[in-house]
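The structure appears below as structure tokens.
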Amino acid sequence: MAISRDKKTELVAELKQSFTDAKMTVFAAYDGVNVKDLQVLRRAASAEGVKISVAKNRLVRVALGEVEAYKESNPDLTGQLLYAFSDTDEVLPASVLDKFAKTGASLKLRGGISGDGKVLAESEVLALANLPGKNVLIGQVINQLLSGVNDSVNALSGNLHALLDGVEAKATN
């Protein structure tokens, strides 16, 4: 069934807004993925704050052309693609789609577009998908910062115990 011109204009406006707000957009081929699995993907993505959209590639190209940051980008948009947008985290769209693809669904990451319009290849998107999440990275940095403090406290604490043991041994003799 053909989409009316008004509906196409509305879809392009929604896509344009999604691209404008997105820090990262990842697209994947979903040939062979059934509707039930797509609903599972949408629920999982929504829980992570990622928006999944399925649209005609022609409409996506029009929307990309209307966003200033993406005018020069020319991603390979061929085949049946779905788009994952995140306006909060650069890694989430890639990790959500990659995690879903690993469940056995025939979803294949094809590429992405960063918030500043840089087109990412499939390998770059897969590298992003394998990065730990933002909160995990923050925890690792804090752990590294505190490790020096903990080491100093332990070293001073160890010397203090040795001194007290020596004083106690001297006092008992």
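A few points about this structure:
- The distance between label points at THR88 and VAL167 comes to 5.3 nm (points 7 Å beyond Cα on the Cα→Cβ vector).
- Average 1/r across all pairs of distinct alpha carbons in segment 42-127, invert it, and you get the Kirkwood radius: 13.4 Å.
- Theoretical FRET efficiency, 1/(1+(r/R0)^6), r = Cβ-Cβ of ALA47 and VAL153, R0 41 Å, to 0.05: 0.55
- Once the convex hull of all Cα atoms in the chain is built, its volume per residue stands at 159 Å³.
- Applying 0.36 nm per residue to the separation of THR103 and GLU14 and subtracting their alpha-carbon distance, the gain on full extension is 29.1 nm.
- The order of the peptides 32-40, 12-20 by mean Cβ neighbours within 10 Å, most packed first, is 12-20, 32-40.
- Karplus-derived HN-Hα couplings along segment 132-137 (A = 6.51, B = -1.76, C = 1.60, θ = phi - 60°), whole Hz, x at Gly and Pro: x, x, 4, 5, 5, 5
- The residue list GLY104, PRO132, ALA84 was ranked by how far each Cα lies along the charge dipole of segment 64-149 toward its positive end, using unit charges on Cβ atoms, and GLY104 comes out on top.
- When only the Cβ of Lys, Arg, Asp and Glu is charged (+1, +1, -1, -1), the dipole of the chain relative to its Cα centre reaches about 780 debye.
- Stokes-Einstein D in µm²/s, Kirkwood radius over Cα pairs - segment 1-50 at 25 °C with 0.890 mPa s viscosity: 187 µm²/s
- Packing order of peptides 134-143, 90-99, 46-55, highest average first: 90-99, 46-55, 134-143 (average count of other Cβ atoms within 10 Å over each peptide's residues).
- FRET efficiency, 1/(1 + (r/R0)^6) with R0 35 Å, evaluated for GLN144 and ASN74 via beta carbons: 0.30
- Across segment 2-89, the convex hull enclosing all Cα atoms gives 101 Å³ per residue.
- Cut-off 13 Å between beta-carbons: net charge of the residues surrounding ALA129, Lys and Arg +1, Asp and Glu -1: -2
- Counted by Cβ distance under 12 Å from GLY79, the other residues give a net charge of +1, where Lys and Arg count +1 and Asp and Glu count -1.
Readers should treat all values here as calculations from the given coordinates under stated rules, not as data from a laboratory. Please read all numbers here as calculations on a predicted model, not as lab measurements. In this analysis, Cβ positions are derived from the backbone assuming ideal geometry, glycine residues included, and neighbour counts consider all displayed protein chains.
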